[in-house]
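Okay, so here's the structure we're looking at.
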């Protein structure tokens with residue numbers, strides 16, 4: 001049985017529909033803690049009660065984390081506790097470089113410097129933007145425990161992000177979306193200044209929506225998916241999430257992360 005600490009809040013979500021996902025998972029037990037209380041439970045003296053942490057929060061839009069929270073996350077990834085990140089959680093702390101290193105994403109809430117280059121903010125399909133969530137077919141691009149039972153892919157209606165492609169060089173691709181990740185299919189980043197939205201342009205982006213990453217000794221699975229109740233109720237998404245929680249909690253996943261750190 002995998003014991004999961006779920007960290008949420010800082011972003012609106014349907015808690016009832018969200019938690020209903022986990023009740024269908026026979027090998028998962030959960031503890032939901034919302035921010036800012038989660039910053040206490042994530043401290044080293046408490047986090048050992050859990051096999052992994054699922055982040056579904058967006059807590060850092062106003063700046064950097066406290067020294068205590070920074071130390072807690074650094075201790076977590078040194079310890080090798082598994083991490084799963086869904087949707088907006090990949091940029092929960094957009095100004096904190098370590099958070100981006102953990103998620104591996106190139107998602108930007110507004111124009112900024114990424115890999116040393118000025119980069120436009122990421123586009124949105126669904127979520128906060130005027131365009132509805134897209135229905136896409138996801139295809140597996142690796143043989144991996146996270147994809148067990150999903151080898152033929154899945155179809156889902158969910159939020160998508162127009163990210164740059166460079167981040168793929170640092171992560172392990174797991175699932176891609178059969179969709180055109182081009183400017184015309186997305187709306188400008190809603191949290192960007194008005195002048196950026198009015199002149200927004202973005203080069204064609206990555207179709208990678210599920211990937212694995214290593215953050216020091218912690219195995220990580222991150223995905224842009226998981227916007228709301230339609231995704232939460234999707235059997236394929238539930239299978240993907242249960243697989244991810246099980247894998248990041250495993251000794252094999254921790255060994256994988258440690259080996260990537262050494263490489």
### Query
Looking at region 19-37, which of its residues are touching a strand residue (DSSP E or B) at 6+ places or on another chain (Cβ under 8 Å) and under 20 Å from residue 248 (Cα atoms)?
19, 22, 27, 28, 29, 30, 31, 32, 33
### Message
Name the residue that is nearest to residue 205 (Cα to Cα), counting only residues in region 106-134 that are part of a loop (DSSP other than H, G, I, E, B), free of Cβ contacts under 8 Å to residues at least 60 places away in the same chain and touching a helix residue (DSSP H, G or I) at 6+ places or on another chain (Cβ under 8 Å).
### Response
115
### Query
Going by the structure shown, is residue 150 under 18 Å from residue 241 (Cα atoms), crowded, with 21+ Cβ neighbours inside 10 Å, modelled with pLDDT of 95 or more and in contact with a helix residue (DSSP H, G or I) (Cβ under 9 Å, 6 or more places away or on another chain)?
no
### Summary
The strands (runs of 3 or more DSSP E) lying entirely within region 1-98 that contain at least 3 residues which are modelled with pLDDT under 95, touching a helix residue (DSSP H, G or I) at 6+ places or on another chain (Cβ under 7 Å) and surrounded by 17 or more Cβ atoms within 10 Å (Cβ to Cβ) are none
### Query
Restricting the search to region 246-255, which residues are touching a helix residue (DSSP H, G or I) at 6+ places or on another chain (Cβ under 9 Å) and in a helix (DSSP H, G or I)?
246, 247, 248, 252, 253, 254
### Task
Would you mind stating whether residue 227 is surrounded by 17 or more Cβ atoms within 10 Å (Cβ to Cβ), part of a loop (DSSP other than H, G, I, E, B) and modelled with pLDDT of 95 or more?
yes
### Message
Regarding region 188-210, can at least one residue be identified that is on the phi > 0 side of the Ramachandran plot and modelled with pLDDT of 95 or more?
### Response
no
### Message
Would you confirm, using the coordinates I've provided, whether residue 139 is within 16 Å of the chain's Cα centre (by Cα), on the phi < 0 side of the Ramachandran plot and free of Cβ contacts under 8 Å to residues at least 60 places away in the same chain?
### Response
no
### Query
Just for region 154-163: of the residues that are surrounded by 18 or more Cβ atoms within 10 Å (Cβ to Cβ) and over 12 Å from residue 207 (Cβ atoms), which one is farthest from the chain's Cα centre (by Cα)?
154
### Query
Could you count how many residues in region 168-206 are outside any loop (DSSP other than H, G, I, E, B), more than 19 Å from residue 137 (Cβ to Cβ), in contact with a strand residue (DSSP E or B) (Cβ under 8 Å, 6 or more places away or on another chain) and in contact (Cβ under 8 Å) with a residue 60 or more places away in the chain?
3
### Query
Hey, does region 100-108 have a residue that's more than 26 Å from residue 243 (Cβ to Cβ), at pLDDT 95 or above and within 19 Å of the chain's Cα centre (by Cα)?
yes
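The values are calculated or read from the model by the stated rules, or taken from the named source; none is laboratory data. Keep in mind it's a predicted model, so treat the numbers as computed, not measured. Cβ sites come from the backbone with ideal geometry, for glycine too, and all protein chains shown count toward neighbours.
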